[in-house]
Amino acid sequence: MRASRPHSSIPMAHRVGSSFLPANTDAGWSACGFSATAWGQFHKSRKVTSMMRRRIASSIVLAFALFAPTLAVAQLPGMSQPKHYPWSDAALSPDERADLVIKEMTLDEKISLLHGVGAHFFRPPESDGRADGTTGISRLSIPAIQMADSSYGVTHGAATGRYSTALPGNLAAASSWDPETAFQYGALIGRELRDQGYNMSLGGGVNLTREPRGGRTFEYQGEDPLLAGTLAGNFVRGVQSEHVIGDLKHYAINDQESGRNSINANISRRAMRESDLRAFEIALGISDAGAVMCSYNRVNGEFACEDSHLLTDALKKDFSFKGFVLSDWGGTHSAVKASHAGLDMEQPHELFFGEGLKRAVESGEVSEDELKDHVHRVLRTIFAAGLFDHPAVRQVPDVEGGYRIAQEIAEKSIVLLKNRGSVLPLSAETRSVALIGGHADVGVLSGGGSGQVDPPEGSPVPPPPPHDIFTAVFRPAWMPSSPLRGLQAEMPSTKISYTSGDDLAAAATAARSANVAIVFAYQWESEAIDLSTLDLSPDQNKLIEAVAEANPKTIVVLETGSPATMPWIDKVAGVIEAWYPGIRGAEALANILTGSVNPTGKLAVTFPTSDADLPHPKLVLPPAESLPDFNHLQGDDSNIFGILFQALPPFQVNYDEGLKVGYKWYDAEKKPVLFPFGFGLSYTTYTYSGLSVTPGETTKVSFIVKNTGKRTGTEVAQIYFSLPDAAGEPPKRLVGWIRVELRPGEAKQVSVPVGRDRLTVYDDVSDSWKLIQGSYVVRVGDSSQNLPLQQTVSF
């Protein structure tokens, strides 16, 4: 049965649910006059009213009603309506159905399920060119697995004219602390994958923020394993509710991008199990994800995709993972060793799991049982996710529905960090506002890399010239969501101006002449390129200081994918972390600035005072011999894939901070922070009282939260436990939280169940989890460093 999903009540007129695009999707867009470019123009027009939007949506439906008789239903290769086979019986379990298929398969057919068909960016123009994945087996009606990167939306749209909703970055969404929001996020991506004909997501990033300068921090869910695992698990659960295979990545300890193909992450087994691996375990328990992607890096000397402890002992045995393990693109380095370790599928090529694996099976190096396990896991996932029974078809996405969800998530994700003198929200009496810098006149920033969602009609801010191969492939892009226009729409009686900030004197003049100045600052980050520092660029820091000197009511809006340091923090009145806020980021931000929406976001990562306070003050960079050498390409890029992903000499990164990830590091080292994990202000205030703790197999933590302000708001109340000294743990760990909506003056008693598994520690000698006997301190409050309620209990 298909899982229920949020927003299933979207009107059919918006879903265009019974009309499908022809195999030539671009022709389908043209048939209804609805291309990605046209929608970009439609979105940017502020003259389009809600009524007009509804009429346009209705026109699209009418166009499809007229053209439907002549449009072919587009299905993926190998995905025609299944004939009746023994495995067609949906009453059988996915395992039973997989075993029935395997009995009929040839060796070549089995091998074909275990490798890719070539990366989309290395295929010749005459190829399909639309997805990575596997081929189908038409003889047996086994569908092809068509994969697409989809961290914060479906990627690769611009080249094919397809529209995808750009959601706020994953770290942004994690700052909502809302599992239901995570589910909606994943379900939207699942729907749009199916709308484009894909049936597997390559999202689901869950690596912890052990190195906050990591280039993909914005794709992950923060620094705590319980928070990250819970949100990533619900993300994947949402994806899979749409009959799309969900994926968790990058397994494991892939915590920086610099030298990711050659880094060797040295970490104790206990630290690994209680941090990154714990997050994966929690996510799997919630989602039953169909796939896990192993990472490029080595872990304690072994490539992650050849590490039997990671893939077999922990993942498949301890975590009871039933799906398949696929390599990151080019992350496979052997056939026999990787197969023995537990790798099930090589992506995107067949350098090792094609003829090499076949020869290993024929020679007996890889047993028939081992091969069968790989194939079974892939087939089982195809049946469990519904790919066989519910093949994907291409259709027009529900664009308006996507916009609505994107804005709702952004509004829950934006974090108010500072609000001196209640400078926010902006009041109706505010006569003038000066917006300065950050390209706030035209758009909001997005994160780069393979997760990049193409802006409709292209980036309104031209990217800078590339200076190396990575910046040639991964370049900054802004979403066409203008904070200037968004704020003007919310404050039509207020004079709102924009100044680029390129000229400090002009910026100061603009700030001085306005009641309020808002500086937009940003830090772009991307896959394959780590940040050199958490500090903003020197020019932006100077701009903020110049504006703050000119106007005491200066607010800074940050668009970043990681924490940012703020040497100017004492000089400004307000700070908002907007993250990478997505296609409706400006509208969401305008609602927060004006108070139409009361901010509820809480930081999913700690903001340190400086790089010097990080566990590794200097990012460990690879030496020259551990980097790809492109010098001998000489204009021929035919071997670029082999060069990019070759097994290079390892360089060492020692994660000797161990268990102390994020707030646990700052607590243990007694380092002050700029803003703590879990922190976020509101336009109202809350108090906590009445703590009651009932220990047991599931400990019940009850308390009262009261709204003592004048506005309705939602508080994220957090519960931390300090373990006995004998546990050898950091000072405290997050064990639960609850979102509480309260009217002005309202108080609610709430209860949060805390399972015993959230209190155990990993013992690497016995390879088991243990509850340490002794006294535990229960702490409750609104951030990791503001916990006014405390009670001691014993276990």
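List of remarks:
- Test item: Cα-centred dipole of the chain, Lys/Arg +1 and Asp/Glu -1 on Cβ, debye: 3060 debye
- Assuming charge only on the beta carbon of Lys and Arg (+1) and of Asp and Glu (-1), the dipole of the stretch 147-245 about its Cα centre is about 200 debye to the nearest 20.
- Sequence of Trp769, Trp478 when ordered by accessible area, the most exposed leading, probe 1.4 angstrom: Trp769, Trp478
- Under-5 Å amide H pairs with Asn297, H placed in peptide plane, nonlocal only: Ala304
- Probe 1.4 Å - accessible area at Phe321, Å² to nearest ten: 10 Å²
- For Thr165, the residues whose modelled amide H falls within less than 5 Å of its own, excluding neighbours fewer than 5 places apart on the same chain, are Val154.
- Rounded percent of accessible protein surface that carbon and sulfur make up, the chain, 1.4 Å probe: 52 percent
- Counting only heavy atoms of the protein chains and using a 1.4 Å probe, Thr698 has close to 80 Å² of accessible surface.
- Using the Cβ of Ser422 as centre and a radius below 15 Å, the other residues enclosed give a net charge of +4, where K and R count +1 and D and E count -1.
- Options Leu543, Gly214, Ala98, ranked by Cα towards positive dipole end of the chain, top entry (Cβ charges): Leu543
- The aspartates and glutamates within cross-link reach of Lys542, meaning a Cα-to-Cα straight distance under 13 Å and a gap of 8 or more places when in the same chain, are Asp502, Asp503.
- Between the stretch 279-330 and the stretch 132-161, the Cα center-to-center distance that results, in Å: 22 Å
- Accessible area per residue (1.4 Å probe, heavy atoms of protein chains only) ranks His115, His467 as His467, His115, with the largest value leading.
- On the beta carbon distance between His390 and Ser432, with R0 = 41 Å, the FRET formula returns roughly 0.15.
- Lys, Arg +1 and Asp, Glu -1 on Cβ, resulting dipole of the stretch 450-502 about Cα centre, debye, nearest 20: 160 debye
- Amide H partners (placed H, <5 Å) of Lys418, local residues excluded: Val575
- For the stretch 641-661 versus the stretch 711-771, the gap between their alpha-carbon centres in whole angstrom: 32 Å
- Between the listed residues Gly437, Ile142, Gln196, the Cα displaced farthest toward the positive end of the dipole of the chain, a dipole computed from Cβ unit charges relative to the Cα centre, is found at Gly437.
- Candidate aspartates and glutamates for bridging to Lys706, where Cα separation is under 16 Å - those fewer than 8 sequence places away on the same chain excluded: Glu715, Glu741, Glu746, Asp782
- Using θ = phi - 60° and Karplus 6.51 cos²θ - 1.76 cosθ + 1.60, couplings along the stretch 232-239 (whole Hz; Gly, Pro as x): 5, x, 6, 4, 5, 4, x, 4
- Shape analysis of the stretch 513-632 places it in the prolate category; the axes a ≥ b ≥ c from the Cα gyration tensor give an a/c of at least 1.5, with a/b above b/c.
- For Lys83, the aspartates and glutamates whose Cα falls under 12 Å of its own Cα, not counting residues fewer than eight places away in the same chain, are Asp389.
- As computed over the chain, the Cα convex hull volume per residue (Å³): 160 Å³
- Candidate residues Lys412, Lys618: accessible-area rank, largest first, probe 1.4 Å: Lys618, Lys412
- Each residue of the stretch 258-275 was assigned a 3J(HN,Hα) from its phi angle through the Karplus expression (A = 6.51, B = -1.76, C = 1.60, θ = phi - 60°), giving 4, x, 4, 7, 10, 5, 10, 7, 8, 7, 5, 5, 5, 4, 5, 5, 8, 10 Hz with x at Gly and Pro.
- In order along the stretch 328-337, phi translates into HN-Hα couplings of 4, 5, x, x, 9, 10, 6, 9, 5, 4 Hz, rounded to whole numbers, per the Karplus curve 6.51 cos²θ - 1.76 cosθ + 1.60 with θ = phi - 60° and x for Gly and Pro.
- Given Lys412/Lys748; Lys337/Lys618; Lys322/Lys602; Lys660/Lys748, the pairs whose alpha carbons are separated by over 32 Å: Lys337/Lys618; Lys322/Lys602; Lys660/Lys748
- DSSP-defined beta bridges in the chain - what % are antiparallel, rounded to 5: 60 percent
- The stretch 328-424 shape via C-alpha gyration tensor axes, a/c threshold 1.5: prolate
- Comparing Met479, Thr792, Ser493 along the charge dipole axis of the chain, the residue lying farthest to the positive side is Ser493, per the Cβ-charge model.
- Förster-model FRET efficiency, 35 Å R0, Gln749 and Lys571, C-beta, rounded to 0.05: 0.25
- The chain, accessible area per residue, ligands and nucleic acids excluded (1.4 Å, Å²): 36 Å²
- Counting only Cα atoms, the size of the stretch 442-482 along its three principal axes is 30, 20, 15 Å, in decreasing order.
- Computed with a 1.4 Å probe on the full set of protein chains, the accessible area for Arg743 sits at about 150 Å².
The values are calculated or read from the model by the stated rules, or taken from the named source; none is laboratory data. Note that the coordinates shown come from a computational prediction; the quantities given were computed from them, not determined experimentally. Reconstructed Cβ throughout: ideal geometry from the backbone, glycine too, with neighbour counts over all protein chains shown. Note: accessible area is taken over every heavy atom of the protein model, side chains too, but ligands, DNA and RNA are not part of it. Shrake-Rupley method; radii C 1.70, N 1.55, O 1.52, S 1.80 Å.
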